[in-house]
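The values are calculated or read from the model by the stated rules, or taken from the named source; none is laboratory data. Source: prediction; values computed, not measured. Virtual Cβ from ideal backbone geometry, glycine too; neighbours counted across all protein chains shown.
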Amino acid sequence: MDVVSELAQRARAGGRLAIDTEFVSERRYQALLCLAQVAVPDPDAPDGVRTEVLDPIEQELDPAPLAQVLADPAIEVVVHAGRQDVAILRRTWGTDITNVFDTQVAAGFLGFGNQEGYESLVRKVLNLKLKGSEGFTRWDRRPLSAQQLEYAADDARLLLELGTELEKRLAERGRLDWAREESRLVGESSDERTHERAYERLPRLGRLSDTGRAVARELAEWREDTARAADRPPSTVMPDQALVEIARRTPRDRAALEQIRGLPPQTFHRRGDALLQAIARGRKRTPPEPPPEPPPRDSSDAPVVSLAQALVRHRSTESGVAVELIATQAELAQLMSALRRGENGGGLRVAHGWRRELVGNELVELAAGRRSLSVADNGRLEVTPKD
C-alpha cells in the first residue's frame, strides 16, 4: 500500500487528520502547491501520531485517497489559519473539505488573539516549542534540505494534539459549536478565479458609461486569460487602475493607448495589438448593469453605531471572544442603519448563529431603544433592558 493510501486508512480509523501545506504564490497566476504535510492518529507511532510530508513536485502522487477523506463529513480535518490551505487543496486535489476545525479560529473563542500564530499557540496551549523557522524558503525549488523537510513536518506534527486541547477547552466553556460553526466558513474557502469576479472587483465601475463598463468587462476577461496562459498575476499584465482608465477612454490606436498612465511597458509593446482588439470587442458588447448603489448613510446613525461598537467590545471582553470575530465596524454600521430603516439586517453575519446568541439580539434591542448602556459605580459598562 502506498503512503497516501496508508494515511487515508489511518485517518478513517481514527476519525481525524491534520493537514498543512507549503506553497508559492509570488509571481504566479495561482498558488503552486509544493508540499502537503499530513498527520494522522497511529497507535504504532512513538507519540501516537504519524506525520508524513508529501511532495507533489518531486513525487508521483495520487491524492485521490486523501481527497476522499477530506470530503468525508465523518472525518475531522484540523488546520491552522487554513483558508489558503483549503483553497489550494480544493483546486489542486479536486475535493471539498467538509468537516474543518481551524485552531486559529478556535483560539479566538478562548481569549487568544484572532490572528494567533501556530508557533505561538503551540507554546501557550501545549507548552511546547517548535523547531527553527524555514517559513520564507522557496518551497518550489528542489532538492529540499533535511532541515526544510523537518520544519515542514513540524507544522503538522502537533496540530492534532493542539486541536484536541482546544476542543476540550471550548467544550468546557460551551463554545465548541461556535468554533465549529465558524470553521465551516474556512472549509468553504476557494481561490478559483472567474471572469465575473474579476470584473466585479474592479474599482470605480459606477463612474463608467455603458460603453466603459462593456469595455471593462471585456478587458477583465482578456487580462484573466492572458495572465492564466502566462502563469503570472493579472496585475502584472495590467493593474486595475490602468484597466479602468482604458475602459473610460477606450483608445482606438497604439498612440492613444500609450498615453494611459500605469500600463506596463511590456504589455504595451508585446500585447498592444491584442489589447486594442479587446477594446474593440468591448465596444460591441452589451454593457453590464451598473453596480448597485450603496445605501445612503445617515449621519445620525453615527452615535448609535458607536454604542453598538461599545456593546460588542463589552461582550468581547466579557466572553473572551476576539472582537474581530464578532463584527467589524463596517458590519455594525450596516446593521444599525438597516435596523433604523425598519429592516432586519438578516444578510449580515452578526445577525446569525453564535454571533446573534452572543450579542446580535442585544444589538437589535439597542437599535429599538429597548436596551441601554451606562457606566456602573465600579466604572465598568453596564447593559440593561429598558422597561
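Do the conditions hold for SER190, that is, is it at pLDDT 95 or above and surrounded by fewer than 18 Cβ atoms within 10 Å (Cβ to Cβ)? Answer is yes for this residue. The C-beta contact set for the range 210-226 (first residue buried (at least 21 other Cβ atoms within 10 Å of the Cβ), second residue aromatic (Phe, Trp, Tyr), distance under 8 angstrom, 6+ apart or interchain) comprises ALA216/TYR199; ARG217/TYR199; ALA220/TYR199. Looking at SER183, is it under 20 Å from the mean Cα position of the chain (by Cα) and not in a strand (DSSP E or B)? Against the criterion (under 20 Å from the mean Cα position of the chain (by Cα) and not in a strand (DSSP E or B)), SER183 qualifies. Helices (runs of 4 or more DSSP H) fully within the range 201-310 that include at least 2 residues being closer than 24 Å to ARG28 by Cα and touching a Pro at 6+ places or on another chain (Cβ under 6 Å): 210-230. Look at the range 322-344: where a residue is closer than 26 Å to GLY108 by Cβ and a partner is among the polar types (S, T, N, Q) and modelled with pLDDT of 90 or more, sitting 6+ places away or on another chain with Cβ atoms under 7 Å, you get ALA322/SER316; VAL323/SER316; ILE326/SER316; GLN329/GLN309; LEU332/GLN309. Of everything in the range 361-384 that is of a type in the set (D, E, K, R) and assigned to a loop (DSSP other than H, G, I, E, B), the residue that is surrounded by the fewest Cβ atoms within 10 Å (Cβ to Cβ) is ASP377. Looking at GLU224, GLU200, GLU218, just one residue is within 13 Å of PRO290 (Cα to Cα) and not assigned by TED's automatic domain parsing to the domain that holds LEU89, and that residue is GLU200.
Within the range 244-271, residues that are over 23 Å from PRO287 (Cβ atoms) sit with their Cβ atoms under 8 Å from residues that are outside any helix (DSSP H, G or I), at 6+ positions apart or across chains, in these pairs: GLN259/PRO251; GLY262/PRO239; PRO264/MET238; PRO264/PRO239; THR267/MET238; PHE268/GLU258.
Inspect the range 301-308 for any residue being more than 28 Å from the chain's Cα centre (by Cα) and free of Cβ contacts under 8 Å to residues at least 24 places away in the same chain and give the result as yes or no. Among the residues of the range 301-308, at least one is more than 28 Å from the chain's Cα centre (by Cα) and free of Cβ contacts under 8 Å to residues at least 24 places away in the same chain, which makes the answer yes.
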